[in-house]
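Reading through the structure tokens given below for one structure.
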Amino acid sequence: MKAFILHNIGSFDNLKIKTLAIPKPGKNEVTVKVDFCGLNHLDLLIIAGKRPVSGKFPLILGSEFTGKIADPGKSQKFAIGDTVAVYPWTFCGKCPQCRSDRESICDRGGTYGRTKNGGLAEFAAVDEKNLVRIPQKLDSGKFCASVLSAITAKHMLDRIGIKNGSTVLVNGATGGVGTAAIQLLKRKKCQVICSTSKPEKEIKLKHLGADLTVNTKHMVNSLKEKFPEGIEYIVDAIGGKIWSESVQLLTKNGNMVFCATTLEENGQINIGQAFTRQINLMGSYGGYLSDLREIIKFVRTGAFNPIIDSVYPLDNTKEALLKLLNQKVFGKILIKVNGSY
Ligand SMILES: [Zn+2]
């Protein structure tokens with residue numbers, strides 16, 4: 001089979017298309033014929049060596065994918081041809097976190113495309129407990145574009161319990177997580193403020209539902225002027241300097257949830273101001289299996305429609321990753337492996 005592989009960390013030069021054997025399902029696994037695989041900032045961090053990998057190379061990248069069962073192995077639940085979405089985080093099913101249905105923070109967890117071979121290949125072997133069925137008649141690309149980023153966004157909003165009609169600042173608004181967060185917030189009738197470092201993307205954010213857009217360069221001053229009392233909720237998909245600046249914008253007893261360290265700098269906080277203003281900071285890692293089931297329901301019923309920036313064939317994955325690296329993206333880039341779009 002054709003696979004997009006990383007044969008060592010550290011450079012885009014280590015990425016190649018290679019022919020590998022079709023994986024046979026291991027214990028509790030099925031083999032999925034991949035339709036689509038979504039690209040994520042996580043892929044760039046893995047290539048750069050900024051996220052731990054399995055250590056076994058070549059590694060097939062791709063954490064977000066959909067496809068059809070090609071070999072059900074010993075599964076009693078799935079048959080050849082069933083269409084499925086793959087939950088990106090591997091989990092043991094036994095540790096205290098898994099027993100509480102918090103699979104993304106499993107004590108022995110990993111990620112497809114990072115600690116196990118992922119979906120940027122014609123076939124992938126996947127644990128059957130990571131599979132969620134999707135309707136056969138509908139385009140599996142839309143589901144694929146929702147698997148990782150939309151459940152991350154949904155999980156973040158659930159973590160801080162954003163109430164209907166709230167005012168919310170979204171940082172990193174133009175990426176997969178950000179565009180999903182905007183749509184989910186508009187469903188809650190929130191007033192959505194979006195920060196971006198790319199003025200040319202502001203119009204697209206407004207089309208998507210942003211009530212106000214602000215350039216990250218003068219975000220603090222501009223928002224302090226418009227919201228002197230502060231902003232009650234912040235959803236941050238960036239980290240670093242923007243994270244540190246955003247903390248200053250929270251109301252007393254305000255809430256910030258964050259899911260990424262995309263920027264190089266570490267986030268910093270003035271602890272004195274943080275406790276005296278009684279602010280609530282909450283980390284959020286991916287989403288749970290229950291979040292994926294719910295997002296799939298949203299996509300199936302049309303309640304959520306992921307923003308797809310572009311679709312590339314598997315052979316052009318490197319080019320697509322460069323587009324992501326150069327921040328030329330609005331929404332999600334999909335790689336079409338066997339699917340049609
Ligand atoms: Zn576990």
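The values are calculated or read from the model by the stated rules, or taken from the named source; none is laboratory data. Just so it is clear, the structure is predicted and the values come from calculations on it, not from any experiment. Cβ coordinates were reconstructed from backbone atoms using ideal geometry, including for glycine residues, and neighbour counts include every protein chain displayed.
Side notes on the structure shown:
- The residue that is nearest to the ligand (Cβ to nearest atom), among those in the range 91-145 that are out of contact with any strand residue (DSSP E or B) (no Cβ under 8 Å at 6 or more places or on another chain) and polar (S, T, N, Q), is 97.
Residues are listed down the side, and each one gets a yes or a no for (1) surrounded by 14 or more Cβ atoms within 10 Å (Cβ to Cβ); (2) within 29 Å of residue 46 (Cβ to Cβ); (3) outside the structural domain of residue 331 (by TED's automatic domain parsing); (4) touching a Gly at 6+ places or on another chain (Cβ under 8 Å):
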residue: 191; (1), (2), (3), (4): yes, no, yes, yes
residue: 209; (1), (2), (3), (4): yes, no, yes, no
residue: 238; (1), (2), (3), (4): yes, yes, yes, yes
residue: 267; (1), (2), (3), (4): yes, yes, yes, yes
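- Of the residues making up the range 89-101, those that are in a loop (DSSP other than H, G, I, E, B) and surrounded by fewer than 19 Cβ atoms within 10 Å (Cβ to Cβ) are 92, 93, 94, 95, 100, 101.
- Looking only at the range 44-78, and only at residues there that are farther than 15 Å from residue 89 by Cβ and of a type in the set (Gly, Ala, Ser), the one that is surrounded by the fewest Cβ atoms within 10 Å (Cβ to Cβ): 55
- Counting the residues of the range 75-121 that are without any contact (Cβ under 8 Å) to a residue 24 or more places away in the chain and closer than 20 Å to residue 284 by Cα gives 11.
- Only residues that are more than 15 Å from residue 173 (Cα to Cα), in a helix (DSSP H, G or I) and without any contact (Cβ under 8 Å) to a residue 12 or more places away in the chain were counted across the range 207-249, and they come to 4.
- Residue 290 assigned to a helix (DSSP H, G or I) and of a type in the set (Ser, Thr, Tyr): yes
- The residues in the range 1-26 that are free of Cβ contacts under 8 Å to residues at least 40 places away in the same chain and either among the small types (Gly, Ala, Ser) or assigned to a loop (DSSP other than H, G, I, E, B) (or both) can be counted, and the count is 3.
- Screening residue 252 on (1) assigned to a helix (DSSP H, G or I); (2) of a type in the set (Lys, Arg); (3) modelled with pLDDT of 95 or more shows it passes everything except condition (1).
- Only residues that are touching a residue at least 12 places away in the same chain (Cβ under 8 Å) and over 22 Å from residue 14 (Cβ atoms) were counted across the range 299-326, and they come to 11.
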